[in-house]
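Note sheet for the following structure.
Computed from the coordinates by the stated procedures, all read-outs in this text should not be read as laboratory data. Bear in mind that the values here come from a model prediction, so they are computed numbers and not experimental data. Neighbour counts run over all protein chains shown; Cβ positions are idealised from the backbone, glycine included.
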Amino acid sequence: MRRVSIFGATGSIGQNTLDLIRRDRDSYDIVALTGGRNVAQLAQDAREFGADIAVTAFDDALPDLRDALADSGAEAAAGSAAILEAADRPVDWIMSAIIGAAGLEPGMRALRHGATLALANKESLVCAGPLLMAEAKKHGARIMPVDSEHSAVFQGLIGEDHDTVEKVTITASGGAFRKTPLNVLKDVTPDQAMRHPNWSMGARITIDSASMFNKALELIETKEFFGFESNQIDAILHPESIVHAMVSFHDGGVMAHMGAPDMRHAIGFALNWPERRDLPVTALDLLEIGQLNFEPLDETRWPAIRLGRAVMKAGGLTGAAFNAAKERAMDGFIARDIRFTDMAPVVEDVLNQMSVEFRLSSAEITLDSVGEIDQMARIRAEEAIRART
Ligand code: NDP
């Protein structure tokens, strides 16, 4: 039996992971499940899967979790220290699917035990890629990509020499506002931004897809995960979300990874690697799809892409500032303090202020320095939001 923990179990990736595990229940021993506000789901899953411990991120949710787990045999705990304690429990495989920068430290802790870290939490790599990769190396732990684009690149590189790679191209669907007239974008609402044409995902990543901040994070994630130079990495528009990424080689060959837009493929690939097993994913029928389209990404419509490319080049702690400012700007948009089109300018303001002041691109990356820059970027983003309201 493989011992498994799922961080962010109540979210979209967490639930898809449990869906796969449920289909092969006897092969897994569930150690820890963590969640946030959705205590009912967390307790239900902890009972169903016989988890040793269930942890909510929020202290005030502990009484409800305790009540819901009474007589279940599962421990109940709360708070970020409890999440880290759960990450210290040895397992063979751990899903990192907490949303945002909060996912970094639990993932770092899990690597110390040599667990395979299935990494959906792209923010970890954006904020502290070199630190995370070094920690994995130090402890002989493997990190498996879960983002569909990065799973696709990983699969395209199997058996290949990285030196033979010319470039890597990830695709973007265009999100909710691909065709929305530019002059209307300033008036779109959070509810509209949460409607993705192809993928079913959590609310925040869906908004990030509409603004293209998600693709900006993924450009940085590609660099940090695979170690290619920034000029070897690109993103293009592909509205059908069938080709997830392409790896182009010096000899002119291109390995394109295709599949239906269903996260259970990438999650299942990370769960089963190095084997391939049956997964409940719709078979791809290219004749039914008929045609696949590709276009360059329009940086006027999606300024986040321009920022993401610059952050990818800059490196250091620039990603930590970028991500934190982006998370705060999105909170501002969800609260309707700023417009959809204000998010990128807010993030750019923060980067302009902090890049030189904190020498972000050359600063040392430690958990402490990432935390400090994260906090400062949120304060600066808050100020930039206030200046616009
Ligand atoms: P969701 O918002 O659906 O779920 C997030 C999870 O994190 C939930 O379990 C939530 O708990 C928990 N959570 C929220 N806040 C905190 C906190 N402060 N501390 C600890 N846990 C917290 O997100 P997704 O599943 O969509 O995304 C998860 C990660 O995977 C993100 O990094 C995203 O970028 C990445 N990803 C997602 C994809 C997708 O298809 N959804 C695709 C590729 C990558 P609760 O809900 O109980 O409050």
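Contact map, the range 70-93: first residue part of a helix (DSSP H, G or I), second residue within 16 Å of the ligand (Cβ to nearest atom) and among the hydrophobic types (A, V, I, L, M, F, W, C), Cβ cut-off under 6 Å, separation 6 or more or different chains; pairs are 82/55; 83/55; 86/32; 86/53; 86/55; 87/110. For residues that are β-branched (Val, Ile, Thr), within 16 Å of the ligand (Cβ to nearest atom) and assigned to a strand (DSSP E or B), tally how many sit in the range 158-205. Result for the range 158-205: 2. The lone criterion from (1) closer than 21 Å to residue 200 by Cβ; (2) assigned to a loop (DSSP other than H, G, I, E, B) left unmet by residue 44 is number (2). Residues that are surrounded by 13 or more Cβ atoms within 10 Å (Cβ to Cβ) and assigned to a loop (DSSP other than H, G, I, E, B) within the range 285-305 comprise 292, 294, 297, 298, 299, 301, 302, listed in sequence order. Any chance the range 318-328 includes a residue that's surrounded by fewer than 19 Cβ atoms within 10 Å (Cβ to Cβ) and in a helix (DSSP H, G or I)? Checking the range 318-328: not a single residue is surrounded by fewer than 19 Cβ atoms within 10 Å (Cβ to Cβ) and in a helix (DSSP H, G or I). The residue of the range 19-42 that is surrounded by the fewest Cβ atoms within 10 Å (Cβ to Cβ), among those that are among the aliphatic types (A, V, I, L, M) and within 11 Å of the ligand (Cβ to nearest atom), is 40. Candidates 134, 141: the one that is of a type in the set (A, V, I, L, M, F, W, C) and surrounded by 16 or more Cβ atoms within 10 Å (Cβ to Cβ) is 141. With respect to the conditions (1) free of Cβ contacts under 8 Å to residues at least 40 places away in the same chain; (2) acidic (Asp, Glu); (3) farther than 30 Å from residue 141 by Cα; (4) not in a helix (DSSP H, G or I), residue 337 falls short on a single one, namely (1). Could you please let me know if residue 109 is within 16 Å of the ligand (Cβ to nearest atom), surrounded by fewer than 22 Cβ atoms within 10 Å (Cβ to Cβ) and assigned to a loop (DSSP other than H, G, I, E, B)? Taking the combined requirement at face value, the residue does not satisfy it.
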